[in-house]
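For reference, the structure discussed in these notes is given below.
Just so it is clear, none of the values below were taken in a lab; they were calculated from the coordinates. Keep in mind that this is a model prediction, so the values were computed, not measured. For neighbour counting, all protein chains shown are included, and Cβ atoms are generated from backbone atoms with ideal geometry for every residue, glycine included.
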Amino acid sequence: MLTEKDFIATSYNSIESASFEWSAPSNIALVKYWGKKENQIPANPSISFTLNNCKTITKLEVVKKSENNSFSFDLLFEGKPKEDFKPKIQKFFERIEQYCPFLKEYHLKIDTQNTFPHSSGIASSASGMAALAMNIMSLEKAINPTISDKYFYSKASFLARLGSGSACRSVQGEVVVWGNHAKINGSSDLFGVEFSEIHSNFKNYQDTILLVDKGEKQVSSTVGHDLMHNHPYAERRFAQAHENLSSIKAILSTGNIAEFIKIVESEALTLHAMMMTSMPYFILMKPNTLEIINKIWKFRNETQIPVCFTLDAGANVHVLYPENVKANVLQFIQDELVGYCQNGQYICDQIGNGAKSN
C-alpha cells in the first residue's frame, strides 16, 4: 500500500520545455463524503460514478527557469487570463510542493476549459484539479521515466485530492472509492481506487443533470464540510456512510437496481439533512428541486421504470437510470421536468472511464 512518503519525488532530471494535455471528468457521489479532517482527509469513505461528457480540458506548457525559488505560472480560462483563479492554484502548488519540488524549476502556462457551461452549478473543481494533477504527473514522468503506471495514477489522485477532495475520484475508473473501508481492498484516505466489481446492469449507466439553479452556491463546500466538526449527528452519519458503502458494494456487484435506488436517494437526502441540521443551518435545495423529486417518485411508481435521483451540495438534480430505459426517461424529462430547469437547460451524461491524455 502506497503511503504519503512514497509520493515525495526525490530523484528526477530536468527538461528545457514540454507540453501536455489532459481531460478529466466530473463525478457524482452515490455514497456522499461530507466532513473532512486536516489535509483533505475524508471523515467518511465515499463512492462515485465517474462521468463522461462533463469534463475539464487542461493544457500545460512548461519552460525551464534560471531561478527556482518560487512558483511561476500563467493561468488562462477558455483562452483568456483568469486572475481570480490564481490564488486557488497558488495554494494548491504550496500544498503539493513537498511531493513535487520540481515545479519551482519551471514557468508553467495552464490553459483550461470546461465542456459544460461555467457557473452552471456543476462542480468544476473536481474535474479541474484532476486534469491539472494529470498534467503535473506527465511532467514528473518526463523527468523521471522510471515511475510505474500504478504510481502515476495513484499520485495523480493523491495530488488532485489536495486541490479538491472529490477530485481524487475523477482520475481513473467508472466507479471510484475514496476513503478507508474495511471491506474494500486497497481503499485509502489518500487517493481514490477503482471499484471493478460492476454488474452489467450498471454498465453505461446514464446521468441526466437538470440545471435547476445555475447561480453560485450561498454556502461553499469547504464551509459546509467544516460545519460537520461539531454537528450533533456527525458520528452517526459517518457510521451510516460505512454501512451504506458496504451495502452498495454488494449491490453494484449483484446488479440489484431496486436496492441501488434506495441507497442512492437516501444518501442524497441525508447529505441535505446534514446541511439543514448544522449550526449555522442552510438549505441548498430550491422549490423546483423538490418538484422534480416528487415527479420522479410518481413516474417510477406508475411505470416501474427504475429511474432515481441524487443531489450534490446544490440545487441541481442528477437523474440516474440504466441505458435500456433511456428513451422513456428522456421523454419523461422533456414532458414533465424540463419546465423546472433554469432556461430549460439540462445535460445528458453517462458513466465514463476517467482522465484521458489528449
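Rounded to the nearest 20 Debye, what is the dipole magnitude of the chain about its Cα centre when Lys and Arg each give +1 and Asp and Glu each give -1 at the C-beta?
Once rounded to the nearest 20, the dipole reads 200 debye.
Rank VAL63, VAL307, VAL193 by mean-square fluctuation in a GNM of the chain with C-alpha springs under 10 angstrom and give only the top-ranked residue.
Taking springs between Cα atoms under 10 Å, the residue moving most is VAL63.
When a/c reaches 1.5 or more, the comparison of a/b and b/c decides; with that in mind, is region 1-121 rounded, prolate or oblate per its Cα gyration tensor?
Here region 1-121 falls in the oblate category.
Taking the Cα centre of region 4-197 as origin and charging only Cβ (+1 Lys, Arg; -1 Asp, Glu), how large is the dipole, in debye to the nearest 20?
The dipole magnitude comes to about 360 debye.
Per-residue HN-Hα couplings for region 176-184, Karplus 6.51 cos²θ - 1.76 cosθ + 1.60 at θ = phi - 60°, whole Hz, x for Gly and Pro?
For region 176-184, the Karplus curve yields 10, 9, 10, x, 4, 9, 4, 9, 10 Hz.
Using Cα springs under 10 Å in a Gaussian network model of the chain, which residue among ASN201, ASN44, ASN328 shows the largest mean-square fluctuation?
In the Gaussian network model the winner is ASN328.
How about LYS37: which lysines have a C-alpha closer than 21 Å to its C-alpha, ignoring those fewer than 8 places off in the same chain?
Straight-line reach from LYS37, under 21 Å: LYS5, LYS88, LYS91, LYS155.
State, as an integer percentage, the relative contact order of region 4-197 based on alpha-carbon contacts under 8 Å between residues 6 or more apart.
27
How many percent of DSSP beta bridges within the chain run antiparallel, rounded to 5?
Roughly 90 percent of the DSSP beta bridges within the chain come out antiparallel.
Per residue, how much space in cubic angstrom lies within the convex hull of the C-alpha atoms of region 231-319?
87
Note down the relative contact order for the chain as a percent, whole number, built from C-alpha pairs under 8 angstrom at least six residues apart.
After rounding, I find 24 percent.
Give me, ordered by chain and number, the residues 5 or more places off VAL31 or on other chains with an amide H under 5 Å from its own placed amide H.
ILE47
Under 1.5 on a/c is rounded, so check that first for the chain, then, if it is not, pick prolate when a/b is larger than b/c and oblate when it is not; a ≥ b ≥ c are the square roots of the alpha carbon gyration tensor eigenvalues.
It comes out prolate by the Cα gyration axes.
Taking a ≥ b ≥ c as the square roots of the eigenvalues of the Cα gyration tensor of region 77-205, is the shape rounded (a/c under 1.5), prolate (a/b larger than b/c) or oblate?
oblate
Restricting to DSSP H runs of at least four residues, report the calculated mean residue ellipticity at 222 nm for the chain, -39500 (n - 2.57) per run over all residues, nearest 500 deg cm²/dmol.
Mean residue ellipticity, 222 nm, calculated: -10500 deg cm²/dmol.
Who wins for biggest fluctuation among SER46, SER124, SER247 in a Gaussian network model of the chain, springs between alpha carbons below 10 Å?
Top of the fluctuation ranking is SER247.
For region 62-134, what proportion of DSSP beta bridges, expressed in % and rounded to the nearest 5, is antiparallel?
Just about 45 percent of them are antiparallel.
Of TYR321, THR146, TYR99, which is farthest on the positive side of the dipole of the chain, counting Cα position, with +1 on Lys and Arg Cβ, -1 on Asp and Glu Cβ, and the Cα centre as origin?
The listed residue farthest towards the positive side: TYR99.
Put +1 on the Cβ of each Lys and Arg and -1 on the Cβ of each Asp and Glu in region 204-350; which of MET276, LEU211, HIS225 then has its Cα farthest toward the positive end of the dipole?
The one lying farthest along the dipole's positive direction is MET276.
Of PHE92, PHE77, how do they rank once you tally other Cβ atoms within 10 Å and put the fewest first?
Fewest to most other Cβ atoms nearby, the residues stand as PHE77, PHE92.
Non-local amide H neighbours of TYR106 (under 5 Å, H modeled in plane, Pro and chain starts lacking H): which ones?
The list, which skips near neighbours in sequence, is LYS65.
Mind listing the phi-derived Karplus ³J(HN,Hα) values for region 135-142, rounded to whole Hz, using 6.51, -1.76 and 1.60 with θ = phi - 60°, and x for any glycine or proline?
5, 4, 5, 5, 5, 4, 5, 5
Give the range of the longest stretch in the chain that excludes all trypsin sites (Lys or Arg not before Pro) found in loop regions by DSSP and having at most 16 other beta-carbon atoms within 10 Å.
Looking at the chain, 204-358 is the longest stretch - no exposed trypsin sites (Lys or Arg not before Pro) with at most 16 other Cβ atoms within 10 Å.
Using θ = phi - 60° and the Karplus relation 6.51 cos²θ - 1.76 cosθ + 1.60, list the HN-Hα couplings for region 99-104 in order, rounded to whole Hz, with x at every Gly or Pro.
3J(HN,Hα) across region 99-104, in whole Hz: 8, 9, x, 5, 4, 6.
Loop-only check: which chymotrypsin sites (Phe, Trp or Tyr not before Pro) in region 221-291 are DSSP coil with at most 15 other Cβ within 10 angstrom?
TYR233, TYR281, PHE282
Report, ordered by chain and residue number, the lysines lying within cross-link reach of LYS286, taken as a straight Cα distance under 18 Å and ignoring same-chain residues fewer than 8 apart.
Leaving aside lysines fewer than 8 places away in the same chain, those within reach of LYS286 are LYS214, LYS217, LYS295.
Would you mind working out the magnitude of the charge dipole of region 253-358 relative to its Cα centre, with +1 at each Lys and Arg C-beta and -1 at each Asp and Glu C-beta, to the nearest 20 Debye?
It comes to approximately 60 debye.
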